[in-house]
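Each remark here refers to the structure printed beneath this line.
The values are calculated or read from the model by the stated rules, or taken from the named source; none is laboratory data. All values derive from a computational prediction rather than experimental measurement. Cβ atoms come from the backbone with ideal geometry, glycine included; neighbour counts cover every protein chain shown.
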Amino acid sequence: MPDGYSFSSFIDGDEIYWAEIETSIGEFDDIEEALNCFRNEYLTNINELKKRLIFIENKDGKKVGTLTNWWNYSQGVRDPSIHWVGIIREFQGLGLGKAIVFEGMRRMIELEGDRDFFLHTQTWSYKAINIYIQAGYKIVKDETFGDYINESEKAMLILRDKIKI
């Protein structure tokens, strides 16, 4: 982690910071849409959320990044998965993405044990995909989890010159 930054966990009311971060990087059209997603997906399980959502704060206490260790269900099986990795654009390129992914994995192992975790992403996140590969994630060609559709063949046409595998 670069000097001047630290990890923090979710406390009541932090959903606004999560929504601001995720909206700022284009995951949602507006903060209200992000807040609705957050409320529906996470606030129904606040005790787990407090253990699983990580922020990065700068030296002024501004939350500039987030990652959520969560899960999805696949055919009745609970699959641990990383959700919503995001670093505010002006703070990207400082090593914060790598720091939060590695911290997220460390905490996920504490929560779920040493097992496979899933992470769904999109091609425009190709810089993050390189971090995920460094962290040990592998692009799967046929598998999927939750309700996601595996479009790895189509994605590799876009990513082949952008990722290091």
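One table, with the values for the structure above:
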{"item": "Output for region 84-123, where each listed residue is in contact with a helix residue (DSSP H, G or I) (Cβ under 8 Å, 6 or more places away or on another chain) and either under 18 Å from LEU49 (Cα atoms) or basic (Lys, Arg) (or both)", "result": "TRP84, VAL85, GLY86, ARG89, LYS98, VAL101, ARG107, LEU111, PHE117, LEU119"}
{"item": "Unmet requirement for ILE165, which otherwise passes all of (1) modelled with pLDDT of 75 or more; (2) surrounded by fewer than 14 Cβ atoms within 10 Å (Cβ to Cβ)", "result": "(1)"}
{"item": "Residue in region 4-13 that is surrounded by 13 or more Cβ atoms within 10 Å (Cβ to Cβ), over 12 Å from the mean Cα position of the chain (by Cα) and at pLDDT below 95 present", "result": "no"}
{"item": "Candidate set: region 68-88, residues that are in a strand (DSSP E or B) and out of contact with any strand residue (DSSP E or B) (no Cβ under 8 Å at 6 or more places or on another chain); chosen: the one modelled with the highest pLDDT", "result": "VAL77"}
{"item": "Subset of region 16-50 (residues that are closer than 18 Å to GLY104 by Cβ and either of a type in the set (Gly, Ala, Ser) or assigned to a helix (DSSP H, G or I) (or both))", "result": "TYR17, TRP18, ILE21, GLU22, PHE38, GLU41, ASN45, GLU48, LEU49, LYS50"}
{"item": "One residue from GLY13, GLY65 being touching a residue at least 24 places away in the same chain (Cβ under 8 Å) and not in a helix (DSSP H, G or I)", "result": "GLY65"}
{"item": "Of all residues in region 50-77 being within 19 Å of GLY146 (Cα to Cα) and crowded, with 17+ Cβ neighbours inside 10 Å, the one that is farthest from the chain's Cα centre (by Cα)", "result": "ASN72"}
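This table checks each residue for (1) at pLDDT below 95; (2) acidic (Asp, Glu).
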residue: GLU90; (1), (2): no, yes
residue: ALA99; (1), (2): no, no
residue: MET105; (1), (2): yes, no
residue: ASP114; (1), (2): yes, yes
residue: PHE117; (1), (2): yes, no
residue: GLN122; (1), (2): yes, no
residue: SER125; (1), (2): yes, no
residue: LYS141; (1), (2): yes, no
residue: PHE145; (1), (2): yes, no
